[in-house]
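Working notes, structure below.
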Amino acid sequence: MQVSLSATGGLERRLEVAVPATEVDSQVEQRLKQISRTARLKGFRPGKAPFAVIRKQFGEQVHTEVISDLMRSSFAQALSQEKLTPAANPRIEPLAIGPGSDLKYAAIFEVMPEVKVTAADGIPVERPSVEVTEADIEAMIESMRRQRPVFNAVERGAQDTDRVTIDYQGRIDGESFEGGDGKDVQVVIGSRQSMPELEEGLKGAAAGESRTVKVSFPAEHPNKSVAGKTAQLEVTIKRVEDQSLPAVDEEFARAYGVEEGGVEALRAEVRKSMERELADVIRNRVRGQVLDALYRQNPVDVPRALLEEQVRQLQIDTARRMGIRDASQLPAREPFEEPARRRVALGLLMSQIVQTEQIKLDRERVQSRLADLVAGYPEPQQEEARRAYSQNQEAMRQIESAALEDQVVEWLLTKANITDKPMTFKEITGFGQEQA
């Protein structure tokens, strides 16, 4: 077998392979002989057909199969001979495949880049130094109160923060439209959860009153029949309720799943939850700094095939979160190119660190990650969820990969230059900003 290798730019290689005609003919001959022993052809007993008849009947098909098999085996042999690791499957260009001639073809593919981690020492890391204070807990409980307001009917016109229960009938140019009618619809004025014209049109309205409210649908509305149009809503006000915040008492605690211990137990649970959130945020912020520095300080030539695969996956993930199922409606690729490049490069860098530092997967860490995933399910379903994850090879590979990445980050942190930065819970989590 003859092999010729050339670089065609970047990581792309062109591998030309020639397999002697004698090898091709020998394998074709062997397979035809095997067929001849059992072949059933009209006019001949099984296995008794003349070889010339066998060749005429099966020769072309067998030659095609041999060529295909020889391409696979010779390509693998050529890769081993040239010490090449492809980044993806090759593009094959047949050069000569006819009967009686040498098999010649070209395989074009990208190789995996040579990766060296030369800048891992002294990575600068600012680690947030934060404690959950009593004031933070008070602010969180106040936020929890706002999530469970108490509504009471009032005999006055509706105003901001009131909840108004309405029936309505909508018309566009005098005609009803899909989704244009509603009964017992609740609108909280000023919440911005309903159409702004409707919230504004309900101000001052009292129970038993009727109003006509004009609303405009945005041009990008998903319902094309109403997009960009103005509708008239004939509204009947059925009830107006003001809202107040609930008292922080045992009933309030039970509403958040704390059955025993009352308010003190609730505060303890709130603290634990906030501390878990805080630990996650700090860990992710430190991790992000480490990986950003690793990526920035160790440039990697990323194979196009791996880049495009990652771009496609990011497009699919984004489309799934947006509720898009039609593959033709995937978001444009350009915004995903740099994040995809970073993902692929970091994967290569971290794999190199695992290899050079001989980092072994910590099975206890894998089980801990699995336990964290399972903890998100209702308690009666947790054991079933654990079995489902454990029996799903792809899911377990992802968990193992995440655990190994954590180990690499911890190794990098042993070499990093870490400084603590005092911060507040609000600063690091952004808690309360949504109410600002």
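Structure above, values below:
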| item | result |
| --- | --- |
| Filter result for the condition that a residue is farther than 30 Å from Pro339 by Cα and not in a helix (DSSP H, G or I), over Gly208, Gly201 | Gly208 |
| Which listed residue is touching a helix residue (DSSP H, G or I) at 6+ places or on another chain (Cβ under 7 Å) and outside any helix (DSSP H, G or I), from Val300, Val263 | Val300 |
| Test result for Ala158, part of a loop (DSSP other than H, G, I, E, B) and at pLDDT 95 or above | yes |
| Test set (1) in contact (Cβ under 8 Å) with a residue 12 or more places away in the chain; (2) within 21 Å of Val150 (Cα to Cα); (3) of a type in the set (D, E, K, R); (4) not assigned by TED's automatic domain parsing to the domain that holds Val187 - Glu269 fails condition number | (2) |
| Failed item, numbered, when Glu234 is tested on (1) within 21 Å of Pro149 (Cα to Cα); (2) not in a loop (DSSP other than H, G, I, E, B) | (1) |
| Residues satisfying the stated conditions in the stretch 379-436, i.e. in a helix (DSSP H, G or I), of a type in the set (Ser, Thr, Tyr) and farther than 21 Å from Ser368 by Cα | Thr414, Thr429 |
| Pair list, Cβ under 9 Å, 6 or more apart: the stretch 137-152 residue more than 20 Å from Glu275 (Cβ to Cβ), other residue assigned to a helix (DSSP H, G or I) | Arg145/Phe252; Arg146/Gln435; Arg148/Phe252; Arg148/Ala255 |
| Members of the stretch 79-121 found to be closer than 30 Å to Ile353 by Cβ, of a type outside the set (A, V, I, L, M) and over 32 Å from the mean Cα position of the chain (by Cα), listed by number | Ser80, Gln81, Glu82, Lys83 |
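Conditions (1) aliphatic (A, V, I, L, M); (2) assigned to a helix (DSSP H, G or I), marked per residue:
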| site | (1), (2) |
| --- | --- |
| Ser68 | no, yes |
| Ala78 | yes, yes |
| Leu84 | yes, no |
| Gly98 | no, no |
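Let's see how each residue does on (1) in contact (Cβ under 8 Å) with a residue 40 or more places away in the chain; (2) under 17 Å from Gln2 (Cβ atoms); (3) not assigned by TED's automatic domain parsing to the domain that holds Asp102:
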residue	(1), (2), (3)
Arg37	no, no, no
Pro50	no, no, no
Lys56	no, no, no
Glu60	no, no, no
His63	no, no, no
Ser68	no, no, no
Ser73	no, yes, no
Pro90	yes, no, no
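The values are calculated or read from the model by the stated rules, or taken from the named source; none is laboratory data. In this text the structure is predicted, and so the values were computed from the model without any measurement. Heads up, the Cβs are rebuilt from the backbone with ideal geometry, glycines too, and the neighbour counts pull from every protein chain shown.
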